[in-house]
1. Are any residues in region 59-72 modelled with pLDDT of 90 or more and surrounded by 10 or more Cβ atoms within 10 Å (Cβ to Cβ), and if so, which ones?
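The values are calculated or read from the model by the stated rules, or taken from the named source; none is laboratory data. What you see is a predicted model; the values in this text were computed from it and never measured. All Cβ positions, glycine included, derive from the backbone under ideal geometry; neighbour counts span all protein chains shown. When the accessible area is computed, the model is the full protein with side chains, heavy atoms only, and any ligands, DNA or RNA have been set aside. Shrake-Rupley method; radii C 1.70, N 1.55, O 1.52, S 1.80 Å.
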Amino acid sequence: MAKSEKKSEKASKSDSRADQVRSAVDQAFQAAGSQLTRERAEQIADDLSSAAQRVRDALEELRPPTGDEVRRVGERLDAIEKRLAALEAKPPAAPARRAAPAAPRKPVGARTSAARKPAARKPAAG
């Protein structure tokens, strides 16, 4: 029986060491897991916040205009109508008359054959 007691004593020591290692590994994973979980929770909260903002923006676009907004649009429309009436009431401006087109201009330095003078003759020396 002494051998069996030694075996059970060794087994309990190895079990306790194994349990200690398991416990240490378990704690390490839990610590790392809680950090990952916290980061993931922050990411999910950010995603939810941005989704909520998009929903608010969509609802803002869908809501009917308020009385003030309708009144402002009406005032702008009245101002546009007045400007249009003023433009329609003016007689159309007559286009400015142009003078008859002048003879086409020749580039500076251009000569025509009619404009050339014959070269002066030198008197004969005598």
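1. Glu69, Val70, Arg71, Arg72
Residue-wise test of (1) aliphatic (A, V, I, L, M); (2) open to solvent by 90 Å² or more (accessible area, probe 1.4 Å); (3) in contact with a His (Cβ under 8 Å, 6 or more places away or on another chain); (4) modelled with pLDDT of 90 or more.
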| residue | (1), (2), (3), (4) |
| --- | --- |
| Val25 | yes, no, no, no |
| Ala51 | yes, no, no, yes |
| Gly74 | no, no, no, yes |
| Ala86 | yes, no, no, yes |
| Ala93 | yes, yes, no, no |
